[in-house]
Amino acid sequence: MKFLTTGCVALSVLAFAGTASAQTFGIGSTKAGAVSQITATISKAVSEHAPGVQMRKQTMGGTQQYIPVVNAGELGFGISNITQYYMAQEGIALSKGTKYTNLRLLTTMMKFTVSPVVAIKSGINRVADLKGKRVASGFKGAPLFVYITSGALATDKLSYADVKKVPQVGLVQHWRAFISGKIDMAIAAAGSGFVKQMQAKIDGGVKHLSFDDSPEALARMHKFYPKSEWVVVKPKKGLTGVLKPTNFVAYDFLLWTHKGMSDDVAYKVAKVMHTKEKQLKAGGPLWRSYKANSRLQKNHGYAYHPGAIKYYKEVGLWKR
């Protein structure tokens, strides 16, 4: 018994020493919503499977708050959609006046697909029908949605000048405003939980509007929401509001770090993102489109971290 006790103490000391010697890095996150859910899943997987690396969520007010902190090397990691990353790299729109060129990509993750949602009984059947309707504006808590809403309207040659602007703070608030009948349209992702709530609470149910799928319409979208693309979503179980093949706007979500991050840590994180697909996808429906294949190193025109490149080359995923 004395031997067992001594052995247990020794193992505990070793375990503690291993934890104590691990490097801990923060990953920028929001308090709630998609970003919070995604960073929680990544943090858990990396902390469990990257030897010597612990990752912890660092909650901030939004992506625009942690972009400069990661760029300065004061925070280890961040995530964003490709559009916001592009704005940061180019110093435009939300990042107007400052280029955050120290950021380095690690992994291209899932793809988000969104389109306007309207009440079936509203008589709104295409984006052009939103003229004169009540549309969420402002978005102080989620400023990127001013751009995606502007882009959505532009696809059918409308702008905020053509609608009745109803100020909203954030995404959840504008979804709730739609449910309560205060606005006539909400932007939402295919299969999201809030669309299911809309379906249950709005008389007659809801539907996603299909964007004009022409190259010209996409070019108008890109003036406000660059690096996005068209994706046709077909009706299937779980995709509430998708009543027929519907043209959504789609954009990639990215995991990134800064150029000062060690190659070893970047390598280990890239490896977790490749080898732990099952665990990551168990993190919830947001990971539905995640694929641990060559998409991880998708070429967006911006540099990946050398440590991630090394890993992707070793496993045959690097395609350039």
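The values are calculated or read from the model by the stated rules, or taken from the named source; none is laboratory data. In this text, all values refer to a predicted model and were calculated from it rather than measured experimentally. Cβ atoms come from the backbone with ideal geometry, glycine included; neighbour counts cover every protein chain shown.
Of all the criteria given as (1) at pLDDT below 95; (2) in a helix (DSSP H, G or I); (3) more than 25 Å from Ala88 (Cα to Cα), the one not satisfied by Gly283 is (2).
Residue-by-condition table, conditions (1) among the aliphatic types (A, V, I, L, M); (2) within 19 Å of Ile42 (Cβ to Cβ):
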position: Asp252; (1), (2): no, yes
position: Met261; (1), (2): yes, yes
position: Ala266; (1), (2): yes, yes
position: Val272; (1), (2): yes, yes
position: Thr275; (1), (2): no, yes
position: Leu280; (1), (2): yes, yes
position: Trp287; (1), (2): no, yes
position: His305; (1), (2): no, yes
position: Glu314; (1), (2): no, no
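To keep it simple, each residue is scored yes or no on (1) within 29 Å of Tyr290 (Cα to Cα); (2) within 18 Å of the chain's Cα centre (by Cα); (3) of a type in the set (Gly, Ala, Ser).
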position: Gln58; (1), (2), (3): yes, yes, no
position: Asn71; (1), (2), (3): yes, no, no
position: Gly91; (1), (2), (3): yes, no, yes
position: Arg134; (1), (2), (3): no, no, no
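Yes/no matrix, rows are residues, columns are (1) β-branched (Val, Ile, Thr); (2) in the same structural domain as Gly151 (by TED's automatic domain parsing); (3) surrounded by fewer than 21 Cβ atoms within 10 Å (Cβ to Cβ):
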position: Gly28; (1), (2), (3): no, no, no
position: Ser36; (1), (2), (3): no, no, yes
position: Ala40; (1), (2), (3): no, no, yes
position: Gly73; (1), (2), (3): no, no, yes
position: Asn81; (1), (2), (3): no, no, no
position: Lys99; (1), (2), (3): no, no, yes
position: Lys121; (1), (2), (3): no, yes, yes
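Taking the numbered list (1) touching a strand residue (DSSP E or B) at 6+ places or on another chain (Cβ under 8 Å); (2) more than 26 Å from Ala250 (Cβ to Cβ) in turn, Ser115 passes all entries but (2).
Residues that are touching a helix residue (DSSP H, G or I) at 6+ places or on another chain (Cβ under 9 Å), modelled with pLDDT under 95, assigned to a loop (DSSP other than H, G, I, E, B) and at negative phi are absent from region 100-118.
Restricting region 286-301 to residues that are outside any helix (DSSP H, G or I) and without any contact (Cβ under 8 Å) to a residue 60 or more places away in the chain, the residue that is surrounded by the most Cβ atoms within 10 Å (Cβ to Cβ) is Ala292.
Of the residues making up region 45-58, just one is buried (at least 18 other Cβ atoms within 10 Å of the Cβ) and of a type in the set (D, E, K, R), namely Lys57.
Any chance you could count how many residues in region 123-135 are buried (at least 17 other Cβ atoms within 10 Å of the Cβ) and charged (D, E, K, R)?
Number satisfying all stated conditions: 3.
Going by the conditions given, is Ala142 among the hydrophobic types (A, V, I, L, M, F, W, C), closer than 23 Å to Phe211 by Cα and part of a loop (DSSP other than H, G, I, E, B)? Taking the combined requirement at face value, the residue satisfies it. In region 199-257, the qualifying residues are those that are aliphatic (A, V, I, L, M) and part of a loop (DSSP other than H, G, I, E, B), and the one that is surrounded by the most Cβ atoms within 10 Å (Cβ to Cβ) is Leu209.
Suppose we filter Met273, Met261 for residues that are in a loop (DSSP other than H, G, I, E, B), in contact (Cβ under 8 Å) with a residue 60 or more places away in the chain and closer than 20 Å to Leu103 by Cα; which single one remains? Please lay out each step first, then the result.
Working: Met273 fails: in a loop (DSSP other than H, G, I, E, B).
Exactly one residue qualifies, and that residue is Met261.
Assess whether Ala219 counts as being among the small types (Gly, Ala, Ser), at pLDDT 95 or above and out of contact with any strand residue (DSSP E or B) (no Cβ under 6 Å at 6 or more places or on another chain). It is true that Ala219 is among the small types (Gly, Ala, Ser), at pLDDT 95 or above and out of contact with any strand residue (DSSP E or B) (no Cβ under 6 Å at 6 or more places or on another chain).
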